[in-house]
């Protein structure tokens, strides 16, 4: 890796947004390969993810890292003729905030952390009806489904979603994790999920455990 | 018992309950464990009315609150009308910061929810700091209430002086501005109807012997910036992109927040303020960010409220165990720390000044049994109830979906926890 590439990885992972975006632009304008540049971004994101796991970084750093990735990703788009994301994924996760609940911060952070850990994440958004989860599971055949909810009303919506997945005959092949707000072991048992998580790292650990590399 | 005797007994009960609560807050040993009833929609559900009805039918909500308080017999309760009964006023205003039952999205029996969004752009920081009221009137209110959009056309007065003031009034006669002002008056006429019912039910409950545990609500400066102005995403990015602006905004908020909080609590004739807190928990910010952008400013707000003779009831949402060492620095016996998931045993050890409140899990109240609840409450009492400084409550108040028998068990258990 040349010096500029190293510098880019360092600037992104050290949260130097302005410098990182400027350098990425200069590199692309100088003819640097866009696919390779995205590879450096991925490398930087891995460092960010590790620092988050180690308690050095927190939500604001993840948000800013996401912004940098988006800005640089937008610059590379016109330069990449074919989809360069053909790399093998660690597994597929469908995620969504259950019906009736409009909160999305937790879900977005989990999505981000799963993506930088190599998972393909299908994000169904907020207030997701049970039928959308079922349709998406049929279409994408994920290994894991993540149900998010901040409010206590989500407990019943999660239970309903898990039951519907079972009723559709799809439960056996997937693991279901829940998270957000006041979710705990009791709620896990109540909803019939396989596990609950208190933060994005728990979600990553669960998925890694369920979907071995 | 004669009517006079019943009244005297209710009055004695009121004093007894208030003393129990005050003793706990001021770190004196009360006769037994005090418990507070706080919930948005549990009373409504308990009495078979929907969330929408609770938000729009002041009288039915009043009957539900009265029944819930009388049945549970808490030592104090947080009034429910100011938390939920603004559906009609929001409809008049075409209010946009909430989604509420029966209005657009949510079903009739789903609680209202706040819509996280950017309500102030980064380039508007200076505008707010220079002229907060002007910004609220001309930018914020037109943004959050559809009916008030035309108010954006009225003049910005700090720059309009002398005879220009006289000339400026023409804006108010424009048909769209006139309509906005008329709507504002209609909304203004609706709110006192709710207040009247709220005041009446508060008096009725006082006459029955039940004190209130909150006379107003306020917020930490960072939460105001994050929740109500910049949005979650904006505020988190501002920790890097707009650090200086954010810190200057917080200086303004440190002055404005206690002023508004003290005014509201004093106007209601009380001495306790509720402070729900969304951004202080572990994991959201780094310790350094917390001690730069959150705690110093919030501590100033707490001290200003305490200085004014008000007890802050701070609801630390989520798990704040890693913050304990920082947030312990408050005057003893003046402040309630209401914890959702924070380990109360660790909190008891770390905090010498703040009384603990909490934290029966929502999941247990919704899915458990009365026996589970009793055991949990007794355990809490054993671990953190030694002598003083503990008030029983659920993690974030009683969840709307809690089983009535579990909630009754929780309040009954408090009565059995005698010192």
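The values are calculated or read from the model by the stated rules, or taken from the named source; none is laboratory data. Predicted, not measured: the structure shown is a model, and the values here were computed from it. We place every Cβ from the backbone using ideal geometry, glycine too, and count neighbours over all the protein chains shown.
Criterion first (closer than 29 Å to residue B:283 by Cα, modelled with pLDDT of 95 or more and surrounded by 16 or more Cβ atoms within 10 Å (Cβ to Cβ)) does residue A:56 satisfy it?
Criteria not met by residue A:56.
Anything in the range A:165-181 that is surrounded by fewer than 17 Cβ atoms within 10 Å (Cβ to Cβ) and either within 9 Å of chain B (Cβ to nearest Cβ) or assigned to a helix (DSSP H, G or I) (or both)? List them, or say none.
Listed by number, the residues that qualify are A:166, A:167.
Among the helices (runs of 4 or more DSSP H) contained in the range B:159-274, which hold 3 or more residues that are over 20 Å from the mean Cα position of the chain (by Cα) and within 14 Å of chain A (Cβ to nearest Cβ)?
Where helices (runs of 4 or more DSSP H) fall fully within the range B:159-274 and carry at least 3 residues being over 20 Å from the mean Cα position of the chain (by Cα) and within 14 Å of chain A (Cβ to nearest Cβ), they are B:231-241.
I need the full set of residues from the range A:118-132 which are assigned to a loop (DSSP other than H, G, I, E, B), within 14 Å of chain B (Cβ to nearest Cβ) and either buried (at least 18 other Cβ atoms within 10 Å of the Cβ) or touching a residue at least 40 places away in the same chain (Cβ under 8 Å) (or both), in order please.
Of everything in the range A:118-132, those that are assigned to a loop (DSSP other than H, G, I, E, B), within 14 Å of chain B (Cβ to nearest Cβ) and either buried (at least 18 other Cβ atoms within 10 Å of the Cβ) or touching a residue at least 40 places away in the same chain (Cβ under 8 Å) (or both) turn out to be A:126, A:127.
I'm checking my understanding of the structure. Among residues of the range A:182-194 that are crowded, with 19+ Cβ neighbours inside 10 Å and more than 8 Å from chain B (Cβ to nearest Cβ), which one is farthest from residue B:366 (Cα to Cα)?
The extreme case among them is A:193.
What about residue A:70, is it out of contact with any strand residue (DSSP E or B) (no Cβ under 9 Å at 6 or more places or on another chain), within 14 Å of chain B (Cβ to nearest Cβ), under 30 Å from residue A:139 (Cβ atoms) and at pLDDT below 95?
Taking the combined requirement at face value, the residue satisfies it.
Tally time: how many residues in the range B:401-410 are farther than 21 Å from residue B:342 by Cα, in contact (Cβ under 8 Å) with a residue 40 or more places away in the chain and away from chain A (no Cβ under 14 Å)?
The total comes to 2.
For residue B:398, all conditions in the list (1) buried (at least 23 other Cβ atoms within 10 Å of the Cβ); (2) more than 12 Å from chain A (Cβ to nearest Cβ) hold save one; what is the number of the exception?
Result: residue B:398 passes all but (2).
Here's the yes/no breakdown for (1) away from every other protein chain (no Cβ under 14 Å); (2) farther than 28 Å from residue B:265 by Cα; (3) not in a strand (DSSP E or B):
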{"site": "B:313", "(1), (2), (3)": "yes, no, no"}
{"site": "B:322", "(1), (2), (3)": "no, yes, yes"}
{"site": "B:326", "(1), (2), (3)": "yes, no, yes"}
{"site": "B:352", "(1), (2), (3)": "yes, no, yes"}
{"site": "B:359", "(1), (2), (3)": "no, no, no"}
{"site": "B:372", "(1), (2), (3)": "no, yes, yes"}
{"site": "B:379", "(1), (2), (3)": "yes, yes, yes"}
{"site": "B:382", "(1), (2), (3)": "yes, yes, yes"}
{"site": "B:386", "(1), (2), (3)": "yes, yes, yes"}
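Could you grab me the full set of residues in the range B:328-350 that are over 19 Å from residue B:291 (Cα atoms) and part of a loop (DSSP other than H, G, I, E, B)?
Once the filter is applied, which keeps residues that are over 19 Å from residue B:291 (Cα atoms) and part of a loop (DSSP other than H, G, I, E, B), the range B:328-350 yields B:332, B:333, B:334, B:335, B:340, B:341, B:343.
Can you confirm whether the range B:125-140 contains a residue that is surrounded by fewer than 18 Cβ atoms within 10 Å (Cβ to Cβ) and within 14 Å of another protein chain (Cβ to nearest Cβ)?
no
Output the residues belonging to the range B:293-306 that are within 16 Å of residue B:247 (Cα to Cα) and crowded, with 18+ Cβ neighbours inside 10 Å.
Result: B:293, B:294, B:295, B:297, B:298, B:300, B:301.
Within the range B:323-349, which residues are surrounded by fewer than 17 Cβ atoms within 10 Å (Cβ to Cβ) and without any contact (Cβ under 8 Å) to a residue 40 or more places away in the chain?
B:325, B:328, B:329, B:331, B:345, B:346, B:349
Could you figure out which of (1) closer than 28 Å to residue B:317 by Cα; (2) within 17 Å of the chain's Cα centre (by Cα) isn't true of residue A:157?
Single failed check for residue A:157: (2).
Please specify each residue of the range A:94-117 satisfying the condition of being within 22 Å of residue B:109 (Cβ to Cβ) and assigned to a loop (DSSP other than H, G, I, E, B).
Of everything in the range A:94-117, those that are within 22 Å of residue B:109 (Cβ to Cβ) and assigned to a loop (DSSP other than H, G, I, E, B) turn out to be A:99, A:100, A:101, A:102, A:103.
Can you tell me which residue in the range B:51-89 is surrounded by the most Cβ atoms within 10 Å (Cβ to Cβ), limited to those that are under 30 Å from residue B:311 (Cα atoms) and without any contact (Cβ under 8 Å) to a residue 24 or more places away in the chain?
That would be B:64.
Among the candidates B:33, B:27, B:115, B:93, single out the residue that is in contact with a strand residue (DSSP E or B) (Cβ under 8 Å, 6 or more places away or on another chain) and within 14 Å of chain A (Cβ to nearest Cβ).
Result of the check over B:33, B:27, B:115, B:93: B:115.
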